[in-house]
Every structure is written in structure tokens, then in C-alpha cells.
1. Any chance you could count how many residues in region 187-210 are open to solvent by 10 Å² or more (accessible area, probe 1.4 Å), in contact (Cβ under 8 Å) with a residue 12 or more places away in the chain and touching a strand residue (DSSP E or B) at 6+ places or on another chain (Cβ under 7 Å)?
2. Need at least 2 residues that are buried (at least 17 other Cβ atoms within 10 Å of the Cβ) and small (Gly, Ala, Ser) per element, so show me which helices (runs of 4 or more DSSP H) inside region 69-186 make the cut, counting only ones lying wholly within it.
3. From (1) within 20 Å of Arg59 (Cβ to Cβ); (2) crowded, with 17+ Cβ neighbours inside 10 Å, pick out the condition that doesn't hold for Leu3.
4. With respect to Ala35, is the statement that it is surrounded by fewer than 22 Cβ atoms within 10 Å (Cβ to Cβ) and assigned to a helix (DSSP H, G or I) true?
5. Which pairs have Cβ atoms under 6 Å, sit 6 or more apart or on different chains, and link a residue in region 23-39 that is farther than 11 Å from Val50 by Cα and without any contact (Cβ under 8 Å) to a residue 24 or more places away in the chain to one that is hydrophobic (A, V, I, L, M, F, W, C) and open to solvent by less than 90 Å² (accessible area, probe 1.4 Å)?
Amino acid sequence: MKLICLDCDSTLSAIEGVDEMARLRGPEVTARVEAMTREAMDGLIRVEDVFSRRLEIIRPRREDAAAVGRLYVETIEPTAVRTVAELVRRGWTPVIVSGGFRQAIEPLAQALGIARIEAVDLFFGEDGAYRGFDAGFPTTRTGGKAEVIRRLRAELKPVRTVMVGDAVSDLEAKPEVDLFIGFGRYVVRERIRREAGAFITSLDRLPELA
């Protein structure tokens, strides 16, 4: 089998899910969270330095995760559905590898026909209130996507592995894959463009490159 790992935020969808959760809390929270997200995605600060802080500021409820899930689907990358279908037709197994939240990503994965999500679980109480997150999941920290891909390769033993994403957290997986493809439809980061094995602005180019 051939394995293609796809980032979610600003790749499969136009949005950053955690920023949209912050938006539900008003402009002040949005500004604080967006600044932390931007610095982490640019590699200026470590993911682990902001991951729990953002969630403590937002304290997302179960219904907030559901709302962001709907927004992911509404803002899906225009060529994503047919691209994933074509990759599957060509023998690729797609997996979403994300520092986002599984509950929010699930509707997008279903829309794309992707069965497996490697993302962070949020925990909620019976009343839907925020009760924390899976702090042990690799993508909550620097180098986490590389760790996830190492695990996937050990489990699935693919003959070829490709990673696609827009941020430094994605680029960190480059040593673990046969090809890292940078994505720039929504955000162009010069380091990603410079260091990626290939750089695209539309997912429909993946079948010819992977």
C-alpha cells in the first residue's frame, strides 16, 4: 500500500479550527489565540508552549466542536473531494494527520471518504462542558507529526509515504516520508516553499506528484 498523510487546517479546509473555536468567544479571545496559532505554525514558538494555553482560554464545549466541524465542511478545499477519490483509485490510503481536534475533523473526513484520523481528542462532561484534551497525543508537541507517521509506517508498512501540509509542524515530518509536499492555497510560508520537495496551491496536483 501507499500512504498519503494530509494536514487538515489550511490544507483540506480553509480554516484553522482552534481559531474558529476562539471566534465563538469574541474578538479579544480570537486575537490572542490567532496570534499564538500563527507563531506556532510559523515555527517561532513550540506547539507545546501554546497547545494547552489556547484551550484553557477558549474552553470549548461539545457544541463548539460540532460547529467547527460544520465549518470545516463548508470551507473544504475546492478540489479535495475529487483529489482524494482519485488518489484512492490509484492505490493510495489517505490519513488525516492533524494537530486539530478529532471531534471537529470527523465530519470533514466523512465528506472526503477518509476513514482514519490521527488527531487530538477533546474531553467533555455529561453537560458538554470542556474537561481537557489528550495531552499524550503526539501532535500536541513539536515533532508530533513525524512521530505519528513513524507509527503509521511501522503499522502499515507502505511502499511509499507522502505528507502534505502548510506549516512547520508538517515540515517536521519530512525526514519520515519519501516526499513532503508544501501547500499554499491559504497560507504561503516561505520556509515551507523553500524546503518542501514540491509546493502546490491546489490539491488536484497531488496525483501527478505523489
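1. Total satisfying the criteria: 6.
2. Those helices (runs of 4 or more DSSP H) span 102-112, 144-156.
3. Leu3 satisfies every listed condition except (1).
4. Here the answer is yes, as Ala35 does meet what is asked.
5. Filtered contacts from region 23-39: Thr30/Ala22.
The values are calculated or read from the model by the stated rules, or taken from the named source; none is laboratory data. Model, not experiment: these values are computed from the prediction. Here the Cβ is made from the backbone with ideal geometry for all residues, glycine too, and neighbour counts use every protein chain on show. These accessible areas exclude ligands, DNA and RNA; they are computed on the full protein's heavy atoms, side chains included. Shrake-Rupley method; radii C 1.70, N 1.55, O 1.52, S 1.80 Å.
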